[in-house]
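Everything on this sheet refers to the single structure shown next.
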């Protein structure tokens, strides 16, 4: 029986290779990664849309280097191990010349070493954890980083909201939420405030009452919640139930229409730091909002904008480099000096762009622009 | 440390425990009867939650909110849980009843995977979490330092009623007697004229109904549902059932409340290691009492 | 063994190796397929090691991936540490091999620590205990910031290539096969069949149960180490309860107690997942309707249930293919 089984396996393997051989790229292949399924699925969908919008625009104008752009999008499911597989597939199987993605820092952290080793440039769309670009000189990002974001949040809490005591809650299994909460804590303490509770919760749970009870009993003025929108909605609801009446503040993980859908009145009057606001009057922003709305029938969120910007940055670098060689693109990326929707893109020594943050308030169930904070 | 064991945390723990109890009962009943760890049980809970969600939106249009809708939704959630459990039994578990136990276990894993991924893949349902609607207006009572919502009362009350009903069923009714007989000795039961397969079907049905009820309660209390919501609670309820002595109905209830309270206190004490502490407690208990707290020592038949 | 002929298994293994190398050289097997083959081989190691515990010794272990995690993190930490301190010394494979083996040793120690208390329990209680330990390992790793905590252990140098993985897999299969078909293996089978009877005829059941655990843990650690150096990342979520449960599926789909079955199942199921994905992709291209990747898992689950319903003992049951059996058996 065994020789037969072997034969079958080999036959299948050979057959499989023919199936996969159809990947002949007549254009410039750009890989794109995002979490279309999983804990933050709206992020992935927005990312994919933003990527697509940029690619379609370039293709309508003749593509890049005289060829059409072929975008291969892969779902990382918000999981680092899956991300590692997906990045490898894009590089090895689809022969991408550059990769735009991804959203979650923990997945980008898994993909970056792979890109760096393969000398394929990577532009993360929304990964804000500072360790991502520290992986190597081929890794860039289109967004600001968490120590800036945490500081902005802390400053806002202390100065604008006049909070003296704050509490923080975050997901222990996610370096982004953990890092952001830690940066908030550091800055808030430096400003003279007191962090009265610093609670972690396990990934995937729905009952936060134990931690929230401890937080509420410490009587903070604000709660800083660095989680993704799905957890934030629940945390907010349960916090209100336990008697917390103050505002909650968070990071860019809040940016999703589902936040209000699930959180409802619990998130009313709360704030979060973000990369852009649709209310921004700059023409480039309004232009983008109109284009996105026309194509996808929805108001773009920060994830969509960042993906759009990241894709533009990448394609622009390829155009400047004049060829699809990894090293050339990398150098062109480092020299980027571009006006994008989320601001002017110029990379610092760590390949992070120097950008401003906006503060958004949830008012009447809508995201309303509150203020801009410059670095 | 004294601040951990305050009233609010006790309330939290009891609320959590009530939901675990309903799930754990299903696990323990099925195990008692067919010695199977039904890994898919957590997913029956998930199905119940989704059924409740769907039912609410369906009936809200007609009946319009409040207690009547909530009651209908509860019935439907239980029906859905019971239905899916019975179906799983008929299709996947029954054919393997007298085959090696391990194959049933793998099949249970298969059923579990199927339910989770099917609900994720099916376009109308999808993998994205959904907010669960407020079935009843939420009222919060201040009892001393603790804020107790009417949902807490509902959770504990529903769980208590169901558990009470089950106990009466098992102790007083013919069906209950038959169930006890079958879990003790299948062959002897057959000789006494009991239709064993029938009893097994009833067990799955009841267990599934309880899981469905738990799904509704969880949806209401922690208002978010997604296709994978059954994995963690299922695991914890399973541990609770073992803690109390698997196969033992009162044991499952006891184990579940212990788990709920332990998890809450552990998280309150040190949220970083909280989840691990629950497992450590489990291991310690098993080391001291290998068959669980209320479990019976089964004599080794030579 | 007076004859000069090389054992059958070795010959077949060498031929297979040569064939795959040839195919990849010629270009028929591209990089992506080599990754799948590599993953399948690692799963062979993991499956066979679990089979030793569950299938041969009959101990229901539900936390096997915890051992793999130990192996992954230990070997990964060693190589990343050396990479940071003196990158030039890393160039050669000996250090990698030592790291992998050390990973296995640590895993074996953990297996010993877990084995002793757990093996007082029987059946489903043992399962829970091992499950609990597996989760505790995962939570501990999630909280050790030095090895990355929730980030996972990153930037592990890519040492796992086809040759090394193949050699390790071959050695694992041969060593375990020899163990199982020796008197020790027979003692383990006796423990599985009827522990009381085995005790009565003089088999030291505790010793063999612990031995099974420790050896199974050792090879699981090796598998974990190889996996970490293939994916270049080790993350706590990869080694949780669900992963252990999936591994259990591999063991039973192949046949409890059959090494051949484990090998076939590891390959078949790994390839199946990938093919289902490719099939879904082409279906999406043909029909234009976007089929999410969850459908692949739905089909996978259905196939699993069907295998259990229609071939309950697994693909190979408890039998071994002739090639795998030791030649001494033919007397």
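If you filter segment B:88-130 down to residues that are crowded, with 21+ Cβ neighbours inside 10 Å and within 13 Å of chain A (Cβ to nearest Cβ), you find that the one that is nearest to residue B:53 (Cα to Cα) is B:129. Determine, yes or no, whether residue B:79 is surrounded by fewer than 18 Cβ atoms within 10 Å (Cβ to Cβ), away from chain C (no Cβ under 12 Å) and either within 23 Å of residue B:247 (Cβ to Cβ) or out of contact with any strand residue (DSSP E or B) (no Cβ under 9 Å at 6 or more places or on another chain) (or both). Criteria met by residue B:79. Can you name every one of the helices (runs of 4 or more DSSP H) wholly within segment B:140-219 that holds 1 or more residues which are within 16 Å of residue B:16 (Cβ to Cβ)? The qualifying helices (runs of 4 or more DSSP H) are B:150-172. Scanning segment C:116-141 for residues that are more than 9 Å from every other protein chain (Cβ to nearest Cβ), crowded, with 23+ Cβ neighbours inside 10 Å and closer than 21 Å to residue B:245 by Cβ turns up just one, C:130.
Can you tell which of B:211, B:240, B:218 is buried (at least 24 other Cβ atoms within 10 Å of the Cβ), away from every other protein chain (no Cβ under 11 Å) and touching a residue at least 40 places away in the same chain (Cβ under 8 Å)?
From the options B:211, B:240, B:218, the qualifying one is B:211.
Considering segment B:221-237 alone, what residues qualify as being part of a helix (DSSP H, G or I) and surrounded by fewer than 24 Cβ atoms within 10 Å (Cβ to Cβ)?
Step one: of segment B:221-237, the residues part of a helix (DSSP H, G or I) are B:221, B:231-237.
Answer for segment B:221-237, where residues must be part of a helix (DSSP H, G or I) and surrounded by fewer than 24 Cβ atoms within 10 Å (Cβ to Cβ): B:221, B:231, B:232, B:235.
Looking at segment C:320-331, which of its residues are more than 9 Å from chain A (Cβ to nearest Cβ) and at pLDDT 65 or above?
So the first thing to find is which residues in segment C:320-331 are more than 9 Å from chain A (Cβ to nearest Cβ), and the list is C:320, C:325-331.
C:320, C:325 - these are the residues of segment C:320-331 that are more than 9 Å from chain A (Cβ to nearest Cβ) and at pLDDT 65 or above.
Residue under question is residue A:362, and the condition is that it be buried (at least 19 other Cβ atoms within 10 Å of the Cβ) and not assigned by TED's automatic domain parsing to the domain that holds residue A:121; does it hold? Break it down stepwise before answering.
Details: buried (at least 19 other Cβ atoms within 10 Å of the Cβ): yes; not assigned by TED's automatic domain parsing to the domain that holds residue A:121: yes.
For residue A:362, the condition - buried (at least 19 other Cβ atoms within 10 Å of the Cβ) and not assigned by TED's automatic domain parsing to the domain that holds residue A:121 - is met.
Within the group B:276, B:251, which residue is in a helix (DSSP H, G or I), in contact with a helix residue (DSSP H, G or I) (Cβ under 8 Å, 6 or more places away or on another chain) and modelled with pLDDT of 80 or more? Steps first, answer last, please.
Working: B:276 fails: modelled with pLDDT of 80 or more.
After applying the criteria, what remains is B:251.
The residues of segment C:53-84 include none that are out of contact with any helix residue (DSSP H, G or I) (no Cβ under 9 Å at 6 or more places or on another chain) and over 21 Å from residue C:234 (Cβ atoms).
If the requirement is being surrounded by fewer than 24 Cβ atoms within 10 Å (Cβ to Cβ), part of a loop (DSSP other than H, G, I, E, B) and more than 12 Å from the chain's Cα centre (by Cα), which of these qualifies: B:293, B:283? Spell out the reasoning first.
On the way: B:283 fails: part of a loop (DSSP other than H, G, I, E, B).
Matching residue, one of B:293, B:283: B:293.
A single entry from C:103, C:76 fulfils the requirement of being more than 14 Å from chain B (Cβ to nearest Cβ), more than 30 Å from residue B:241 (Cα to Cα) and touching a strand residue (DSSP E or B) at 6+ places or on another chain (Cβ under 7 Å): C:76. Every test in (1) touching a helix residue (DSSP H, G or I) at 6+ places or on another chain (Cβ under 8 Å); (2) part of a helix (DSSP H, G or I); (3) in contact (Cβ under 8 Å) with a residue 40 or more places away in the chain is passed by residue A:216 save one, and that test is (3). So residue A:86 clears everything in (1) more than 10 Å from chain C (Cβ to nearest Cβ); (2) touching a helix residue (DSSP H, G or I) at 6+ places or on another chain (Cβ under 7 Å); (3) assigned to a helix (DSSP H, G or I) except one condition, right? Which one? Answer for residue A:86: the failing condition is (2).
Please tell me if residue A:204 is modelled with pLDDT under 90, in a loop (DSSP other than H, G, I, E, B) and assigned by TED's automatic domain parsing to the domain that holds residue A:159.
Against the criterion (modelled with pLDDT under 90, in a loop (DSSP other than H, G, I, E, B) and assigned by TED's automatic domain parsing to the domain that holds residue A:159), residue A:204 qualifies.
Taking residue B:12 as the residue in question, decide whether it is away from chain A (no Cβ under 12 Å) and either surrounded by 24 or more Cβ atoms within 10 Å (Cβ to Cβ) or free of Cβ contacts under 8 Å to residues at least 12 places away in the same chain (or both). First the steps, then the outcome.
On the way: away from chain A (no Cβ under 12 Å): no; either surrounded by 24 or more Cβ atoms within 10 Å (Cβ to Cβ) or free of Cβ contacts under 8 Å to residues at least 12 places away in the same chain (or both): yes.
Spelling it out, it is not the case that residue B:12 is away from chain A (no Cβ under 12 Å) and either surrounded by 24 or more Cβ atoms within 10 Å (Cβ to Cβ) or free of Cβ contacts under 8 Å to residues at least 12 places away in the same chain (or both).
Taken over segment C:148-178, residues that are surrounded by fewer than 17 Cβ atoms within 10 Å (Cβ to Cβ) and in a helix (DSSP H, G or I) amount to 5.
Give the number of residues within segment C:192-218 that are part of a helix (DSSP H, G or I) and more than 14 Å from every other protein chain (Cβ to nearest Cβ).
Within segment C:192-218, the subset part of a helix (DSSP H, G or I) is C:192-193, C:195-200, C:205-218.
Now narrow it down to the ones that are more than 14 Å from every other protein chain (Cβ to nearest Cβ): C:206-218.
The number of residues fulfilling the criteria is 13.
Just one of the listed residues (A:284, A:289, A:299) is away from chain B (no Cβ under 14 Å), at pLDDT below 90 and assigned to a helix (DSSP H, G or I), and it is A:284.
Screening residue C:228 against (1) modelled with pLDDT of 80 or more; (2) within 14 Å of chain B (Cβ to nearest Cβ); (3) touching a strand residue (DSSP E or B) at 6+ places or on another chain (Cβ under 7 Å) leaves a single unmet condition, (2).
Take residue B:291 and tell me if it is under 26 Å from residue B:115 (Cβ atoms) and away from chain A (no Cβ under 11 Å). Answer is no for this residue.
Comparison of B:24, B:55 shows that the only residue that is away from chain A (no Cβ under 12 Å) and at pLDDT below 90 is B:55.
Each residue in segment B:66-89 was checked for being in contact (Cβ under 8 Å) with a residue 24 or more places away in the chain and more than 19 Å from residue B:210 (Cβ to Cβ), and 3 of them qualify. Can residue A:63 be described as more than 24 Å from residue A:118 (Cα to Cα), at pLDDT 50 or above, away from every other protein chain (no Cβ under 12 Å) and out of contact with any helix residue (DSSP H, G or I) (no Cβ under 7 Å at 6 or more places or on another chain)? Criteria met by residue A:63. With the condition kept exactly as written, say whether any residue in segment B:200-207 is touching a strand residue (DSSP E or B) at 6+ places or on another chain (Cβ under 7 Å) and buried (at least 24 other Cβ atoms within 10 Å of the Cβ). No, segment B:200-207 contains no residue that is touching a strand residue (DSSP E or B) at 6+ places or on another chain (Cβ under 7 Å) and buried (at least 24 other Cβ atoms within 10 Å of the Cβ). Looking across segment A:90-103, the residues that are out of contact with any helix residue (DSSP H, G or I) (no Cβ under 6 Å at 6 or more places or on another chain) and modelled with pLDDT under 90 come down to A:90, A:94, A:95, A:101.
Contact map, segment A:193-206: residues that are more than 20 Å from residue A:165 (Cβ to Cβ) paired with residues that are part of a loop (DSSP other than H, G, I, E, B), Cβ distance under 6 Å, separation 6+ or inter-chain. Pairs shown: A:201/A:208; A:203/A:173; A:206/B:222.
The values are calculated or read from the model by the stated rules, or taken from the named source; none is laboratory data. Model, not experiment: these values are computed from the prediction. Here the Cβ is made from the backbone with ideal geometry for all residues, glycine too, and neighbour counts use every protein chain on show.
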